[in-house]
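In what follows, a single structure is set out as structure tokens and then discussed.
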Amino acid sequence: MRNTRYKGLKFPDISHPESIEARYAPCMNDVEIDLMKGLLQMDPYQRLTANQALDHEFFDDLRSKDSEYDSSVDVDGTLGGQESNQVIRDNKRILSPEMLA
């Protein structure tokens, strides 16, 4: 018994899968391919996290050219130094004592 809705549908032949390098080498450099491979890892434990992806060398040029980079924000996205202490004090005023216990 066959489903007539899918008559004529053919799946692609994947007996000889093409590697990412072979497919994209003509239009991407090694750094771009490395980032893409890291993001497309099937194993979630080996896949790049968002922070790891943002730290990838692919974004080095963007980081160096960003003239509006706020030096008070650390690489991990947290505030550094006095700014973080001020944020903590502000949040403690908002939160109830029960929430801080």
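Bear in mind these aren't lab numbers, they're just calculated from the coordinates by the rules spelled out. Because the structure is a prediction, the values reported are computed rather than measured.
Subtracting the Cα-Cα distance of Leu40 and Lys7 from 0.36 nm times their residue separation leaves 8.7 nm of extension gain.
For Leu48, the residues whose amide H sits under 5 Å from its own are Leu39, Gln41, ignoring neighbours fewer than 5 places away on the same chain, with H placed 1.01 Å from N. Potential lengthening of the chain between Ala50 and Ala22 amounts to 7.5 nm, from the contour at 0.36 nm per residue minus the alpha-carbon distance.
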